[in-house]
Amino acid sequence: MSRLMPVVYRELRRLAAHYMKQERPDHTLQATALVHEAYLRLVGQTHRNWQNRAQFFAVAASTMRAVLIDHARANLAQKRGRQLAHVEIGDALSVASPASGYVIELDRALKRLEEIDRRASRVVELRWFVGLDVREVAHVMEISEATVRRDWNFAKAWLQTELDAQHTSDL
């Protein structure tokens, strides 16, 4: 296990760097802090029995998502009353910072999507939170690239509809 942790840390740094490239330069959560928090949570798990890269990515995606959600909630708690901006999903799910509350809205919508289509929800996690491309997601999930593309397109459309409905109900 001691040989695995440096590899896990390097992989988390790569994933965090990808995520943070999508954020604005003055984002309050730095990539290093994201990596450290995710690393501590992964190391702190009592069951770290990852059988393969796919399992690691699944756990890492969930862990980074949890860190980002916690960070967004903490920021919103400090800034009560701040208006949430409506954001389009877009082709790459490029979103505003967690401080805007969008990550929390996305997390809620992803939970609803998971109830409808678990695989599509996982595709979104791996593409957006981990930064994998279609080929990598297909490999990790052991499905075809065509299936990843279908799930990705479905998930983007479904999430946009959900987020639009949420935004409309907040007005």
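Residue check: is Ala16 modelled with pLDDT of 80 or more and among the small types (Gly, Ala, Ser)? Working first, answer last.
Working: modelled with pLDDT of 80 or more: no; among the small types (Gly, Ala, Ser): yes.
Answer is no for this residue.
Among the numbered criteria (1) closer than 16 Å to Arg65 by Cβ; (2) at pLDDT below 75; (3) over 15 Å from the mean Cα position of the chain (by Cα), which one does Ser2 miss? For Ser2, the exception is condition (1).
Look at Glu142 and say whether it is over 26 Å from His71 (Cβ atoms), touching a residue at least 40 places away in the same chain (Cβ under 8 Å) and among the charged types (D, E, K, R). Yes; evaluated as a whole, the condition is true for this residue. Summed over segment 98-112, the residues that are crowded, with 20+ Cβ neighbours inside 10 Å and either within 13 Å of the chain's Cα centre (by Cα) or modelled with pLDDT of 85 or more (or both) give a count of 6. Within segment 108-126, no residue that is hydroxyl-bearing (Ser, Thr, Tyr) sits with its Cβ atom under 6 Å from a residue that is loosely packed, with under 15 Cβ neighbours inside 10 Å at 6+ positions apart or across chains.
Here are some residues: Leu34, Leu42. Which one is surrounded by 14 or more Cβ atoms within 10 Å (Cβ to Cβ), in contact with a Ser or Thr (Cβ under 9 Å, 6 or more places away or on another chain) and at pLDDT 70 or above? Steps first, please.
Values: Leu34 fails: in contact with a Ser or Thr (Cβ under 9 Å, 6 or more places away or on another chain).
Unique residue meeting the criteria: Leu42.
Within segment 118-139, which residues are under 24 Å from Leu68 (Cα atoms) and not aliphatic (A, V, I, L, M)? Within segment 118-139, Arg118, Arg119, Ser121, Arg122, Glu125, Arg127, Trp128, Phe129, Gly131, Asp133, Glu136 qualify. Residues in segment 132-162 that are more than 26 Å from Ile104 (Cα to Cα) and of a type outside the set (D, E, K, R): Ala138, His139, Ile143, Ser144, Ala146, Thr147.
Quick one: is Val67 part of a helix (DSSP H, G or I) and either surrounded by fewer than 20 Cβ atoms within 10 Å (Cβ to Cβ) or modelled with pLDDT under 75 (or both)? Answer is no for this residue.
In segment 111-158, which residues are among the aliphatic types (A, V, I, L, M), within 28 Å of Ala31 (Cα to Cα) and part of a helix (DSSP H, G or I)? It would help to see each step written out before you state the result.
So in segment 111-158, the residues among the aliphatic types (A, V, I, L, M) come out as 113, 116, 120, 123-124, 126, 130, 132, 134, 137-138, 140-141, 143, 146, 148, 155, 157.
Imposing the further condition that a residue be within 28 Å of Ala31 (Cα to Cα) reduces the set to 113, 120, 123-124, 126, 130, 132, 134, 137-138, 140-141, 148, 155.
Hits for segment 111-158 are Leu113, Ala120, Val123, Val124, Leu126, Val134, Val137, Ala138, Val140, Met141, Val148, Ala155.
The values are calculated or read from the model by the stated rules, or taken from the named source; none is laboratory data. Fair warning: this is a prediction, and the values are worked out from it, not measured in the lab. Backbone-built Cβ (ideal geometry, glycine too); neighbour counts: all protein chains shown.
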